[in-house]
Amino acid sequence: MRQCSFDVHAYDEEDDAIVSADDRCVGCQRCATYCPTGAITIRLSERDFRLNANWRPEHLMDIKRQAETGGVILTGMGNDKPYRIYWDHLLLNASQVTNPSIDPLREPMELRTFLGAKPDRLRFADGRLLTELAPQVRLEMPILFSAMSYGAITYNAQLALMQAAEECGTLCNTGEGGWPRDFRRFGKNVIVQCASGRFGVDFDYLNQAAVVEIKIGQGAKPGIGGHLPGEKVTPLVAETRMIPVGTDALSPAPQHDIYSIEDLSTLIYALKEATNYEKPVSVKIAAVHNAPAIASGIARAGADIIAIDGVRGGTGAAPKVIRDNVGIPIELALAAVDRRLRREGIRNRVSLVAAGGFRSSADVIKAIALGADAVYIGTAALVAMGCTLCQQCYTGKCAWGITSADPVLAKRLNPDIATRRLVNLVKAWSLEIKEMLGGMGINAIESVRGNRLHLRGVGLEEWELETLGVRGAG
């Protein structure tokens with residue numbers, strides 16, 4: 001009873017028994033995990049509607065809910081529809097005789113990655129570098145923690161992400177919800193966002209971070225703004241975001257000073273000016289059908305990094321209809337953007353960071369082969385902390401204390417234990433990436449970037465192979 005935050009279980013004094021309201025269960029697995037006798041089993045239970053391939057139970061229940069409330073159905077986490085996951089149809093090449101493999105246990109493997117604009121050429125004189133380099137940030141491995149704002153996740157969850165980023169030598173992203181002053185000490189490992197709501201944005205916010213990111217869109221809700229329900233706007237969240245307690249934190253769909261690439265360029269250089277041209281400026285967009293043209297404009301507008309978030313990207317709260325029906329897979333968008341920038345001869349002007357549903361180290365290295373410099377992981381990081389994808393983030397009742405608004409529930413997440421689990425995940429993925437590189441006969445991640453010859457497609461249509469720029473297996 002005490003473990004369930006959705007009031008599923010109750011004690012019936014008359015019968016001296018625990019009773020459960022099955023219709024309230026969200027499948028978070030908390031009660032089953034903590035039951036001391038292992039007596040609880042959670043099974044999927046659907047209404048016994050008549051089978052209909054067109055009118056599935058999900059559609060019927062959504063219509064009934066909206067008929068009762070007259071409102072937009074919200075949901076959390078990423079797209080759960082059975083669209084094709086291209087990572088599962090791409091295989092990596094391996095070395096055999098003529099190109100021997102490398103033993104990563106005995107030979108050095110280079111995973112270090114630098115994000116930022118690179119020059120067309122380098123000029124030296126008397127052993128000195130004459131070319132002026134744009135600001136760069138160094139990652140010890142090509143994995144970053146994705147944007148998850150304070151309020152969408154708890155104080156302890158964000159603390160864990162920042163501690164893990166510092167220990168791993170990578171970056172985490174504040175999201176658009178501001179940056180608690182307690183966390184400013186992690187600045188060299190933090191990306192701050194400048195989104196349409198401008199929550200928490202001030203001079204110190206920009207200058208104490210390693211990277212500034214302009215958020216145009218995100219994969220879970222392309223074309224619409226951000227939304228943090230008022231139930232999750234606690235006093236500290238309100239102070240951080242600079243809004244009243246208990247009010248919905250709504251970000252407009254557009255940034256009202258950006259209506260063209262020229263406007264975007266103005267903001268990019270305003271942020272560079274505000275940070276004394278010492279920090280890379282990133283622009284984050286959702287994966288949409290014209291992403292290559294948009295990315296070309298962003299690169300020419302002066303951005304140092306472009307982050308692309310695919311349709312499977314997670315979120316704390318989004319209209320269900322948007323999450324499930326708008327946007328395209330990151331695999332197709334990433335390949336198309338990389339190819340467009342290379343064709344125009346401007347690929348070196350920006351680093352590409354891919355996001356949206358990365359589940360394993362294999363997904364990461366395949367993304368790099370398609371053209372990414374690094375990847376954002378969000379949902380995987382939450383799962384490492386204990387998330388079970390019950391998709392109830394927007395309610396503030398997260399039973400695992402990760403997205404909870406209730407301070408009692410939030411205490412369930414120990415930030416030090418969560419930090420250790422995040423570090424372990426990144427370490428494990430890094431070791432696996434080294435193993436895969438060794439099997440490919442490669443000793444540096446740079447040699448894989450954009451090299452589609454290391455990929456082969458299986459079970460894909462001709463147009464899909466062409467869009468990905470990958471040959472079929474065999």
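Summary table below
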quantity	calculated
Condition check for R65: among the basic types (K, R) and within 21 Å of P229 (Cα to Cα)	yes
Every residue from region 372-418 that is assigned to a helix (DSSP H, G or I), at pLDDT 95 or above and surrounded by fewer than 19 Cβ atoms within 10 Å (Cβ to Cβ)	V383, D416, I417
First in region 451-463 and at pLDDT below 95, second anywhere and among the aromatic types (F, W, Y) and part of a loop (DSSP other than H, G, I, E, B), Cβ under 6 Å, 6 or more apart	none
Breaking point among (1) more than 16 Å from the chain's Cα centre (by Cα); (2) free of Cβ contacts under 8 Å to residues at least 40 places away in the same chain, for D103	(2)
Residue pairs meeting the criteria (Cβ under 6 Å; at least 6 apart or on separate chains; first crowded, with 24+ Cβ neighbours inside 10 Å, in region 142-160; second among the charged types (D, E, K, R))	S149/E176; G151/K232
Within region 419-474, considering residues that are farther than 27 Å from A384 by Cα and among the hydroxyl-bearing types (S, T, Y), the one surrounded by the most Cβ atoms within 10 Å (Cβ to Cβ)	T467
Condition check for V311: part of a loop (DSSP other than H, G, I, E, B) and under 18 Å from the mean Cα position of the chain (by Cα)	yes
Only listed residue being in the same structural domain as A405 (by TED's automatic domain parsing), among the small types (G, A, S) and either crowded, with 18+ Cβ neighbours inside 10 Å or modelled with pLDDT under 95 (or both), chosen from A303, A293	A303
Any pair with Cβ under 6 angstrom, 6 or more apart, that starts in region 424-447 at a residue that is at positive phi and ends at one that is surrounded by fewer than 20 Cβ atoms within 10 Å (Cβ to Cβ) and of a type outside the set (V, I, T)	G441/S95; G441/N99; G441/S101
Region 230-241, residues that are part of a helix (DSSP H, G or I) and either polar (S, T, N, Q) or buried (at least 20 other Cβ atoms within 10 Å of the Cβ) (or both)	K232, V237, T240, R241
Given (1) assigned to a loop (DSSP other than H, G, I, E, B); (2) within 32 Å of the chain's Cα centre (by Cα); (3) more than 22 Å from C387 (Cα to Cα); (4) not hydrophobic (A, V, I, L, M, F, W, C), index of the condition S45 fails	(3)
Filtered residue count, region 444-474, keeping only those that are farther than 17 Å from V364 by Cβ and of a type in the set (S, T, N, Q)	1
Qualifying position, being in contact with a helix residue (DSSP H, G or I) (Cβ under 6 Å, 6 or more places away or on another chain), surrounded by 10 or more Cβ atoms within 10 Å (Cβ to Cβ) and either among the aliphatic types (A, V, I, L, M) or more than 18 Å from D7 (Cα to Cα) (or both), among I40, I63	I40
Neighbours by Cβ (under 6 Å, 6+ apart or cross-chain): first from region 20-47, in contact (Cβ under 8 Å) with a residue 40 or more places away in the chain and of a type in the set (G, A, S); second assigned to a loop (DSSP other than H, G, I, E, B) and surrounded by 11 or more Cβ atoms within 10 Å (Cβ to Cβ)	G27/I42; G27/C390
Selection count where residues are in a loop (DSSP other than H, G, I, E, B), in contact (Cβ under 8 Å) with a residue 24 or more places away in the chain and within 27 Å of A295 (Cβ to Cβ), scope region 242-264	7
Region 325-344, subset in a loop (DSSP other than H, G, I, E, B) and of a type outside the set (D, E, K, R), residue surrounded by the most Cβ atoms within 10 Å (Cβ to Cβ)	G327
Residue check, V192 among the β-branched types (V, I, T) and not in a loop (DSSP other than H, G, I, E, B)	yes
Residue within region 213-224 that is more than 17 Å from Q158 (Cβ to Cβ), assigned by TED's automatic domain parsing to the domain that holds V283 and out of contact with any strand residue (DSSP E or B) (no Cβ under 6 Å at 6 or more places or on another chain) present	yes
A39 being outside the structural domain of E446 (by TED's automatic domain parsing) and in contact with a strand residue (DSSP E or B) (Cβ under 6 Å, 6 or more places away or on another chain)	no
Selection status of I322, modelled with pLDDT under 95, more than 30 Å from G187 (Cβ to Cβ), among the aliphatic types (A, V, I, L, M) and surrounded by fewer than 24 Cβ atoms within 10 Å (Cβ to Cβ)	yes
Filter result for the condition that a residue is at pLDDT 95 or above and over 18 Å from the mean Cα position of the chain (by Cα), over A270, A286	A270
Condition check for G76: in contact with a Phe, Trp or Tyr (Cβ under 9 Å, 6 or more places away or on another chain), closer than 25 Å to G357 by Cβ and surrounded by 15 or more Cβ atoms within 10 Å (Cβ to Cβ)	yes
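Okay, residues lined up against (1) crowded, with 16+ Cβ neighbours inside 10 Å; (2) more than 30 Å from Y394 (Cβ to Cβ); (3) of a type in the set (G, A, S); (4) in contact with a Ser or Thr (Cβ under 6 Å, 6 or more places away or on another chain):
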site	(1), (2), (3), (4)
R2	no, no, no, no
R30	yes, no, no, no
N52	no, no, no, no
R56	no, no, no, no
T69	no, no, no, no
Y83	no, no, no, no
R112	no, yes, no, no
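The values are calculated or read from the model by the stated rules, or taken from the named source; none is laboratory data. Owing to the predicted nature of the structure, the values given are computational and were not obtained by experimental measurement. Neighbour counts run over all protein chains shown; Cβ positions are idealised from the backbone, glycine included.
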